[in-house]
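All remarks here apply to the structure that follows.
The values are calculated or read from the model by the stated rules, or taken from the named source; none is laboratory data. Please read these numbers as outputs of a predicted model, since none were measured by experiment. Every residue, glycine as well, gets a Cβ built from its backbone with ideal geometry; the counts of neighbours run over all protein chains shown. Just so you know, the surface numbers come from the protein's heavy atoms only, side chains and all, with ligands and any DNA or RNA stripped out. Shrake-Rupley method; radii C 1.70, N 1.55, O 1.52, S 1.80 Å.
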Amino acid sequence: MTGIHGSNFYASVLVLHGPNLNLLGQREPGVYGSQSLEEINSLLAAEAVRLGVKVTPFQSNHEGVLIDNIHAATKQHQGIVINAGAYTHTSVAIRDAIAGVNLPAVEVHLSNIYRREDFRHNSYIAPVVIGQISGFGVQSYILGLQALVHYLRKNET
Ligand code: DQA
């Protein structure tokens, strides 16, 4: 498939949503906005068409299921956009899964985790991803996808 860049570049990206993100729209809208997860996934799908890539969204409230999906991603995807939700601040296991598969990943957060409670200031994931985008609401996902695709294009072999 040919994207806006006009080359034959094509990539498949896994978008992982962690715990409680299925509640988006109703969950603390002052912090996370009023858009549902389905709406976010639709915006990502539209951006993917524009970029000439494929996105596969997946949400789970379970740490092990997220880890299984990170492992399985190596077979089908070239990169991962991940909002690990609260697991960002607790999960060595998700960090190890990302470090253990040979796939570039971008960490995203709707809220600016550094403007919030102290316990949100540490991300176990940040040291094993290309970069982190935090605080731009739904746009964090779009920026994260753009950054990942830019990275993949640059490192295309
Ligand atoms: C979040 C920030 C986390 O601290 C929180 O636990 C979430 C969502 C965000 O997108 O802003 O569930 O990852």
| message | Could you tell me how far the Cα centroid of region 37-61 sits from the Cα centroid of region 106-155, in Å? | response | 16 Å
| task | Quick one: grab the alpha carbon gyration tensor of region 1-101, order the square roots of its eigenvalues as a ≥ b ≥ c, and give me rounded if a/c is under 1.5, else prolate or oblate depending on whether a/b is larger than b/c. | result | oblate
| field | Point-to-point label distance, Val65-Asp96, nm (Cα→Cβ direction, 7 Å offset) | value | 2.2 nm
| Got a number for the accessible area of Arg95? Probe 1.4 Å, square angstrom, nearest 10. | 70 Å²
| query | What size of dipole, in debye to the nearest 20, comes out for the chain about its Cα centre when the only charges are +1 on Lys and Arg C-beta atoms and -1 on Asp and Glu C-beta atoms? | reply | 320 debye
| said: With a 10 Å cut-off between alpha carbons and a GNM built on the chain, which of Ile125, Ile113, Ile70 moves the most? | reply: Ile113
| task | Amide H neighbours of Ala105 under 5 Å, at least 5 residues apart or on other chains, H built in the peptide plane: list them. | result | Ile80, Ile130
| said: Once neighbouring chains are kept in place and the probe is 1.4 Å, which whole percent of the accessible area of the chain is contributed by carbon and sulfur? | reply: 50 percent
| message | Between 0 and 90 degrees, rounded to the nearest ten: what's the tilt of helix 138-154 against the longest Cα principal axis of the chain? | response | 40 degrees
| request: Report, to the nearest 10°, how far helix 37-51 tilts away from the longest principal axis of the Cα atoms in the chain, using its own Cα long axis and a range of 0 to 90°. | output: 30 degrees
| request: List the relative contact order of the chain as a percent without decimals, with contacts defined as Cα pairs under 8 Å and 6+ residues apart. | output: 25 percent
| field | Protein-only accessible surface order, largest first, of Leu143, Leu148, Leu103 at 1.4 Å | value | Leu143, Leu103, Leu148
| note | Mean accessible area per residue over the chain (1.4 angstrom probe, all protein chains present, square angstrom) is 49 Å²
| field | Accessible area (Å², 1.4 Å probe, nearest 10) - Asp96 | value | 90 Å²
| To the nearest 10 degrees, how steeply does helix 63-76 sit against the main Cα axis of the chain, on a 0 to 90 scale? | 10 degrees
| request: Pop out the ³J(HN,Hα) list for region 127-133 in order, Karplus 6.51 cos²θ - 1.76 cosθ + 1.60 with θ = phi - 60°, rounded to Hz; leave Gly and Pro as x. | output: x, 10, 10, 5, x, 10, 10
| remark: Residues meeting the amide H criterion for Ser134 (H placed from the backbone, H to H distance under 5 Å, 5 or more places apart or on another chain) are His109
| said: Using the Cα centre of region 62-157 as origin and beta-carbon charges of +1 (Lys, Arg) and -1 (Asp, Glu), tell me which of Ser91, Tyr141, Leu66 is placed farthest towards the positive end of the dipole. | reply: Tyr141
| Long-range HN-HN contacts of Val55 with modeled amide H, under 5 Å | Val13
